[in-house]
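Working notes, structure below.
The values are calculated or read from the model by the stated rules, or taken from the named source; none is laboratory data. Computed from a predicted structure; not experimentally measured. All Cβ positions, even for glycine, are placed from backbone atoms using ideal geometry, and neighbour counts span all protein chains on display. To get the accessible areas, we keep the full protein, side chains included, count just its heavy atoms, and leave off ligands, DNA and RNA. Shrake-Rupley method; radii C 1.70, N 1.55, O 1.52, S 1.80 Å.
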Amino acid sequence: QVQLVESGGGLVQAGGSLRLSCAASGRTASSSAMGWFRQAPGKEREFVAAISWRYHRTRYADAEKGRFSISRDNAKNTVYLQMNSLMPEDTAVYYCAADPRNSIATMKSAYDYWGQGTQVTVSS
């Protein structure tokens with residue numbers, strides 16, 4: 001089992017930045033790939049970024065490349081999502097997810113564990 005707790009969401013003006021954190025706990029937390037997804041009202045949950053456990057390989061959705069950066073601190077069992085140049089269309093609930101198979105996949109079905117989410121609102 002893996003428990004995930006996100007933090008760092010909030011209200012920011014367009015062009016601003018936020019850093020989300022996801023604290024993981026549980027037996028396989030430290031060896032899992034971690035991903036960030038987001039869900040805007042009335043839309044499907046979509047992939048944002050993912051990072052592998054050991055070599056910190058990363059993958060990003062095309063729309064976030066160059067603006068968002070995922071990183072992790074395995075000693076703290078924490079993964080981060082640095083979001084820069086935020087736009088109103090980035091407004092969503094952001095979810096952290098863990099994949100014990102370490103695939104850094106983009107599909108939701110690859111992730112076994114999910115956090116409760118943190119709201120990010122970008123005003124224009």
Q | Selection from segment 84-105 of residues that are closer than 20 Å to residue 52 by Cβ and in contact with an Asp or Glu (Cβ under 9 Å, 6 or more places away or on another chain) | A | 94, 95, 96, 97, 98, 99, 100, 101, 105
Q: Inspect segment 14-21 for any residue being in contact with a Leu (Cβ under 9 Å, 6 or more places away or on another chain) and either modelled with pLDDT under 95 or open to solvent by less than 10 Å² (accessible area, probe 1.4 Å) (or both) and give the result as yes or no.
A: yes
Q | Looking only at segment 51-67, and only at residues there that are closer than 17 Å to residue 2 by Cβ and either of a type in the set (Gly, Ala, Ser) or open to solvent by 50 Å² or more (accessible area, probe 1.4 Å) (or both), the one that is nearest to the chain's Cα centre (by Cα) | A | 52
Q. Within segment 89-124, can you find the residues that are of a type in the set (A, V, I, L, M, F, W, C) and open to solvent by less than 30 Å² (accessible area, probe 1.4 Å)?
A. 92, 96, 97, 98, 104, 105, 110, 120, 122
**Q.** Tally of residues being closer than 19 Å to residue 26 by Cβ, assigned to a loop (DSSP other than H, G, I, E, B) and touching a strand residue (DSSP E or B) at 6+ places or on another chain (Cβ under 7 Å) across segment 44-67
**A.** 2
Q. For segment 68-88, what are the residues that are open to solvent by 50 Å² or more (accessible area, probe 1.4 Å), in contact (Cβ under 8 Å) with a residue 40 or more places away in the chain and not in a loop (DSSP other than H, G, I, E, B)?
A. 82, 88
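Okay, residues lined up against (1) of a type in the set (Gly, Ala, Ser); (2) at pLDDT below 95; (3) over 16 Å from residue 87 (Cβ atoms):
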| residue | (1), (2), (3) |
| --- | --- |
| 36 | no, no, yes |
| 54 | no, yes, yes |
| 59 | no, no, yes |
| 64 | no, yes, no |
Q: Go through segment 78-103 and give me each residue that's under 21 Å from residue 1 (Cβ atoms) and within 14 Å of the chain's Cα centre (by Cα).
A: 78, 79, 95, 96, 97, 98, 99
